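Here the structure comes first, spelled out in structure tokens, and everything after it is commentary.
The values are calculated or read from the model by the stated rules, or taken from the named source; none is laboratory data. Remember, it's a predicted structure, so these values are computed and weren't measured experimentally. Neighbour counts are summed over all protein chains in view; Cβ atoms, including those assigned to glycine, are modelled from backbone coordinates with ideal geometry. Keep in mind that these areas ignore ligands, DNA and RNA; they rest on the heavy atoms of the full protein, side chains included. Shrake-Rupley method; radii C 1.70, N 1.55, O 1.52, S 1.80 Å.
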Amino acid sequence: MQEAMINRAKQLLADGTVNRVIGWKRGEFAYDITPAVFQSAEELDADFVFDDFTSANVSKYLVKESKKEGKILAFLKPCDTYSFNQLTKEHRVVRENVYIIGIPGGPKLDAEKIKAKGITGILGVKNENYTLKIDTIYGEETMPFYEAVLDKCASCKSKKHVVFDELIGEDGDVLESNRFEMVEKLENMTAQERYDFWRDQFSKCIRCNACRNVCPACTCEKCVFDNPNSGVENKAPADSFEENMFHIIRAFHVAGRCTDCGECSRVCPQNIPLHLLNRKFIKDINSLYGEYQAGEDTTSRAPLNDYKQDDCEASIVHERGVE
Ligand code: SF4
Ligand code: SF4
Ligand code: SF4
């Protein structure tokens, strides 16, 4: 796949369709694959990587990149295409300035899950019949492939590309996903248990802002959390109120726009399952306003931006017996 992607990127650069390419390159470690822009065939040959650790969604980078001179080639996995569509819908990217090649998705791997098995010094991985063979500086280790899969891939909602100019590989389908299972478990807890669960999680937050910075729904040019008059500008939370506030405000801001891309949880250095909070919003929006998938298209009106005479009333929350 990597070779086919590089070859096609070189063709599109050579015939002038695009003047640069956004993809990924290796960072400090084998599993540290990070978005990067390539300007030439030589740069692609030297650094372009697409492997089992290539999970970062490049859509958000296109907010800035699509406003530059010329067209950029972007490789988008199925989940990334939902983010791109949502950004198009919100007029945050310039669609005509992006040439999209849809590429197959995961399942991608989570290096933290491999390290949690005590496996360190990772040099590379190979999936052989769903056994993961891990080459390390200490020798070869193995573990079941599915135990190393990223959470966002383990509950994938769709293998379908909702926007592309061409595809490498086959397009897939929207999947029957188990993504609301954990949300249901949380809903079945008592209010106190649920509060304790979230306090336990949010108390780990160091306010590094990685979740906000990676989130394709968080593209405000001026973020409320950067307001110097707010008292909470770019600083570690001083108490439990500030810890809760950051997450609750962010979840409300992205409600109805979050495509459930899973990037927030993927990048959190404290392993806080942030996607569960956003999924609760998605699940509630579905049940209150009808099924809706953000990023599925660029024209429909989002439930929270729309008004219908038969919209549910706020009191319905109490009728549902929410504690
Ligand atoms: S990425 Fe994690 S630690 Fe950083 S601000 Fe977000 S929740 Fe907090
Ligand atoms: S809140 Fe998380 S899952 Fe939702 S769009 Fe942002 S990064 Fe993706
Ligand atoms: S937290 Fe809110 S204000 Fe800040 S970038 Fe995200 S949506 Fe915008």
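Restricted to the range 257-313, and to residues there that are β-branched (Val, Ile, Thr) and under 19 Å from Arg92 (Cα atoms), the residue that is farthest from ligand 3 (Cβ to nearest atom) is Thr299.
Is it the case that the range 178-189 has a residue that's hydrophobic (A, V, I, L, M, F, W, C), open to solvent by 60 Å² or more (accessible area, probe 1.4 Å), under 25 Å from Arg250 (Cβ atoms) and modelled with pLDDT under 90? No, the conditions are met nowhere in the range 178-189. Tell me which residues, restricted to the range 210-230, are part of a loop (DSSP other than H, G, I, E, B) and more than 6 Å from ligand 3 (Cβ to nearest atom). Correct list: Cys215, Pro216, Ala217, Thr219, Glu221, Lys222, Asn227, Pro228, Asn229, Ser230. State which residue is nearest to the chain's Cα centre (by Cα) when the search covers only the range 202-217 and only residues that are closer than 12 Å to Phe246 by Cβ and touching a residue at least 60 places away in the same chain (Cβ under 8 Å). Among residues in the range 202-217 that are closer than 12 Å to Phe246 by Cβ and touching a residue at least 60 places away in the same chain (Cβ under 8 Å), the one nearest to the chain's Cα centre (by Cα) is Cys211.
Just give me the residues in the range 187-209 being of a type in the set (S, T, N, Q) and assigned to a loop (DSSP other than H, G, I, E, B), in sequence order. Listed by number, the residues that qualify are Asn188, Thr190, Ser203, Asn209. Comparison of Phe53, Phe75 shows that the only residue that is outside any helix (DSSP H, G or I), over 30 Å from Thr298 (Cβ atoms) and within 19 Å of the chain's Cα centre (by Cα) is Phe53. Considering only the range 82-101, I want to know if a residue exists there that is touching a Phe, Trp or Tyr at 6+ places or on another chain (Cβ under 6 Å) and in contact (Cβ under 8 Å) with a residue 40 or more places away in the chain. The answer is yes, given that some residue of the range 82-101 is touching a Phe, Trp or Tyr at 6+ places or on another chain (Cβ under 6 Å) and in contact (Cβ under 8 Å) with a residue 40 or more places away in the chain.
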